[in-house]
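Shown next, in structure tokens, is the structure this report addresses.
The values are calculated or read from the model by the stated rules, or taken from the named source; none is laboratory data. These numbers were taken from a predicted model, which means no experiment stands behind them. Please note: Cβ atoms are built from the backbone with ideal geometry, for glycine as well, and neighbour counts cover all protein chains shown. Note: accessible area is taken over every heavy atom of the protein model, side chains too, but ligands, DNA and RNA are not part of it. Shrake-Rupley method; radii C 1.70, N 1.55, O 1.52, S 1.80 Å.
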Amino acid sequence: MGGVEDEEPALKRMKLSSKGLAGLSNGSSSIEPIGGSSSDLMARPLPSEGDDEVVGSKGVIKRVEFVRIIEKALYSLGYKKSGAHLEEESGIPLHSTVVNLFMQQILDGCWDESIATLHKIGLTDERIVKSASFLILEQKFLELLDGEKVMDALKTLRTEIAPLCIKSSRIRELSSCIVSRSLSWPVDSPRIDNVKMRSRSKLLEELQKLLPPKVMIPERRLEHLVEQALILQREACIFHNSLDKEMSLYCDHQCGKDQIPSRTLQILEAHDDEVWFVQFSHNGKYLASSSNDRSAIIWEVGTNGLTVKHRLSGHQKSVSSVSWSPDDQELLTCGVEEAIRRWDVSTGKCLQIYEKAGFGLVSCAWFPNGKYILSGLNDKSICMWDLDGKELESWKGQRTLKISDLEITSDGEQILSICRENAVLLFNRQTKDERLIEEDQIVTSFSLSKDNRFLLVNLLDQEIHLWNIEGNPKLVGKYKGHRRSRFIIRSCFGGLKQAFIASGSEDSQVYIWHRSSGELIEALPGHSGAVNCVSWNPANPHMLASASDDRTIRIWGLNELHVKFPNAHSNGIHHCNGGT
């Protein structure tokens, strides 16, 4: 930074012009002596003091601030001549004379002079002055110590640093450096390894973060403002579902509905009865489905569509749900009040059956490390098993219901289950603490966001609620429009950065909402029976799957004429829960 490489000995410094000082972040600068006496220090205040001229049609951008930020950006990008020309032509210096002198004194190691100049900058917060003085005097102390001037370093510590009466723990660390010298401790001793001498350019970076932005503009300020503007535009766009790299500075950002998967690309018809559950693998390469036909199917996602990889048979009852292992190498399937089976994804072989005499298992989930599984039982308890089927732990009481979802957070601490008809339990395995999400209506299902911060709760009254579960649970969103009167309907997060909510519906449609605004974006027709479950491909924001009572799974994609998978047809037969 500032033409001074970090590897350069701290005492070897060159005098830099204001142009060079402005470019401290890019590792090079021009070399030029700085003129001016201390009597000139306060003679050239920055024009921003008292200058209220604005630019832009809204009248909110101050011209001086705008120009200074552009100057800072030019120097940071390495365009030093352009930055200097802008300073000269505009008459607006990036830094005041006193700040330029202060920066030069830091690079020259003129510690006493820099402290004096610091007090002339006009800082009103005494805490900032003390903190900045501490950093400067700490550098002075370390350089004296590095130059074997132990007594001078000790004097600086006692008479200059200690009287500031701040950072007492740091002062003790500095004192240990003196002791280590006298006791000949090795340089890498753990007692002193956290006391390192920085380069002077690094010191200047730290001072820059400490001083008010009006005095020294933060690094990459223009880039930060532009990124912030792009992010705000993206978040305001209810259809945004493409990679951020596709955003441009040349025009305002706006997406259309063509970014939302709304066209049937393929209809999967391998099940012989109602399809109750679908879930994409974490890597998006597979889709698992389960059905009232007592089977589950692993589908492989290819460039030409989805194909059957394995049909998993063996359950004696309908298969209500599935769960992918963290590495997507194995799959759990759960029969309705029956057993849980663990399958090898590559071979389709059943590796283990989990069951408990006298009880039926109603839900399943993987522990985040992939070494254990969780199951809900019809006696309202939750069990943890090792992979070989040994029961390791059990949480009794009203932990789950007969028909229930089960989730565990990625840190392995929180277990989520429906504990009462209108409540979701958040149970901490370690502390045994319990938190509740209580609704006014019956809870039918829920889904946990990828970042573990939000829970999507489906209710009996045809509403979906979004809860922030960090700390005390807080209701932050509601979604309406879909139909649910008799059956369990599941919803999911999805799209780029999980910016959307999708749900099945008893009116045979798939519903999609914008997560932040709650606005209904699409209601997708196509199925001929109730849509029980939806799953958004986590690796492809443009792929959505839906499972229906019409015995089919639909794969939805972008509405582009040249994108269509084989076998994109329907059998036209209407089915519903419980019959045809």
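Just a few scattered comments:
- Test for residue 479: is it open to solvent by 40 Å² or more (accessible area, probe 1.4 Å) and of a type in the set (Phe, Trp, Tyr): no
- There is no residue in region 114-126 that is surrounded by fewer than 16 Cβ atoms within 10 Å (Cβ to Cβ), acidic (Asp, Glu), part of a helix (DSSP H, G or I) and touching a residue at least 12 places away in the same chain (Cβ under 8 Å).
- The one condition from (1) open to solvent by 20 Å² or more (accessible area, probe 1.4 Å); (2) part of a loop (DSSP other than H, G, I, E, B); (3) under 18 Å from residue 333 (Cα atoms) that residue 379 does not meet is (3).
- Qualifying residue in region 455-466 (condition: farther than 28 Å from residue 335 by Cβ and either crowded, with 21+ Cβ neighbours inside 10 Å or touching a His at 6+ places or on another chain (Cβ under 7 Å) (or both)): yes
- When residues of region 76-94 are limited to those that are in contact with a Leu (Cβ under 7 Å, 6 or more places away or on another chain) and within 21 Å of residue 213 (Cβ to Cβ), the one surrounded by the fewest Cβ atoms within 10 Å (Cβ to Cβ): 86
- Residue in region 229-242 that is open to solvent by less than 40 Å² (accessible area, probe 1.4 Å), in a loop (DSSP other than H, G, I, E, B) and touching a Pro at 6+ places or on another chain (Cβ under 6 Å) present: yes
- Taking the numbered list (1) closer than 28 Å to residue 354 by Cβ; (2) open to solvent by 30 Å² or more (accessible area, probe 1.4 Å); (3) out of contact with any strand residue (DSSP E or B) (no Cβ under 6 Å at 6 or more places or on another chain) in turn, residue 435 passes all entries but (3).
- Residue in region 221-243 that is at positive phi and out of contact with any helix residue (DSSP H, G or I) (no Cβ under 8 Å at 6 or more places or on another chain) present: no
- For beta carbons closer than 8 Å, sequence separation of 6+ or different chains, a first residue in region 481-492 that is within 15 Å of residue 535 (Cβ to Cβ) and of a type in the set (Lys, Arg) and a second that is open to solvent by 10 Å² or more (accessible area, probe 1.4 Å) and not in a loop (DSSP other than H, G, I, E, B), the qualifying pairs are 490/277; 490/447.
- Within region 467-476, considering residues that are part of a loop (DSSP other than H, G, I, E, B) and free of Cβ contacts under 8 Å to residues at least 24 places away in the same chain, the one most open to solvent (accessible area, probe 1.4 Å): 470
- Residue selected from region 336-353 under the condition at pLDDT 95 or above, assigned to a strand (DSSP E or B) and in contact with a Lys or Arg (Cβ under 8 Å, 6 or more places away or on another chain), by the criterion least open to solvent (accessible area, probe 1.4 Å): 343
- Residue within region 398-412 that is of a type in the set (Asp, Glu), more than 29 Å from residue 484 (Cβ to Cβ) and at pLDDT below 95 present: yes
- Only one of the listed residues (323, 290) is assigned to a strand (DSSP E or B), open to solvent by 10 Å² or more (accessible area, probe 1.4 Å) and small (Gly, Ala, Ser). That residue is 323.
- Flag for residue 502 being touching a residue at least 40 places away in the same chain (Cβ under 8 Å) and open to solvent by 20 Å² or more (accessible area, probe 1.4 Å): no
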